[in-house]
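The values are calculated or read from the model by the stated rules, or taken from the named source; none is laboratory data. This is a predicted model, so every value here is computed, not measured. Methodologically, a virtual Cβ is constructed for each residue, glycine included, from the backbone with ideal geometry; neighbour enumeration extends over all protein chains shown. Surface areas here come from the heavy atoms of the whole protein model, side chains and all, with no ligands, DNA or RNA. Shrake-Rupley method; radii C 1.70, N 1.55, O 1.52, S 1.80 Å.
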Amino acid sequence: MCNEVVKAAVCTLNSIDSATAAAWIQAFGSIAALIVAVYISYRQHKKQTEREDQAAKQAVFNKYSLAISLGGGVAQKIQTLENWAKSANPNIHAINLNLLYSEIKGMHGDLIKIDLNNMDSFETINIISQLKTFSTISLDCVGDIYMQSSNSLNWAQTANQELQKFLPQFIKFMVKAVDYEKAMRKNFNIHKAT
């Protein structure tokens, strides 16, 4: 039966005149060209979408990484204050409290400006929001300690008490935030911005 189908197809092709054959060849060529064009367009669109997705992930990561850097900077300044307050003669550091306050205020201002729109997950938004909260608490605490130091040489004891209300949680939270940053980098195959 297969031979009969082949013979019929060959006979049909032999009976087609050259103009009809050329038309069929052109039709098949047009269909093939259309299929190739659709495939190329699909591949280009897919690659463009992948590039846009990667750029969006990179943008989210960069915002998150900036927040971690600023939050870490605030935490380091607060630890510096804690070390000053625990030192043998904390009053020699009192003159530096204004500078410390100004540095924290600058980092806090930059941290507050980080826009939470277009973040990729609740966890990312939550961590940055908590960093902003810890930064605000830190700024208020250092401001209060600075004001007290200008009125009293006994500021260190109060500073130690105030810092112990939030500093341990802040440091613990920073460890969690940095671990999350590492996981983001690994999961999204993202490189830290330079």
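Residue-by-condition table, conditions (1) touching a Lys or Arg at 6+ places or on another chain (Cβ under 9 Å); (2) at pLDDT 90 or above; (3) part of a helix (DSSP H, G or I); (4) at negative phi:
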{"position": "TRP24", "(1), (2), (3), (4)": "no, no, yes, yes"}
{"position": "HIS45", "(1), (2), (3), (4)": "no, yes, yes, yes"}
{"position": "ASN62", "(1), (2), (3), (4)": "yes, yes, yes, yes"}
{"position": "GLU103", "(1), (2), (3), (4)": "yes, yes, yes, yes"}
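Every condition in (1) touching a residue at least 40 places away in the same chain (Cβ under 8 Å); (2) more than 30 Å from LYS176 (Cβ to Cβ) holds for ILE40 except the one numbered (1). Taking the criterion of being touching a residue at least 12 places away in the same chain (Cβ under 8 Å), open to solvent by 40 Å² or more (accessible area, probe 1.4 Å) and not β-branched (Val, Ile, Thr), the residues of segment 106-128 that qualify are ASP110, ASP115, LEU116, ASN118, ASP120, GLU123. Among residues belonging to segment 73-104 that are without any contact (Cβ under 8 Å) to a residue 24 or more places away in the chain and open to solvent by 70 Å² or more (accessible area, probe 1.4 Å), point out the one that is nearest to the chain's Cα centre (by Cα). Across segment 73-104, the extreme among qualifying residues is GLN76. A residue that is more than 30 Å from VAL60 (Cα to Cα), surrounded by 12 or more Cβ atoms within 10 Å (Cβ to Cβ) and over 22 Å from the mean Cα position of the chain (by Cα) cannot be found anywhere in segment 168-183. Checked against (1) open to solvent by 80 Å² or more (accessible area, probe 1.4 Å); (2) closer than 28 Å to VAL60 by Cα, GLN164 passes all but a single condition, namely (2).
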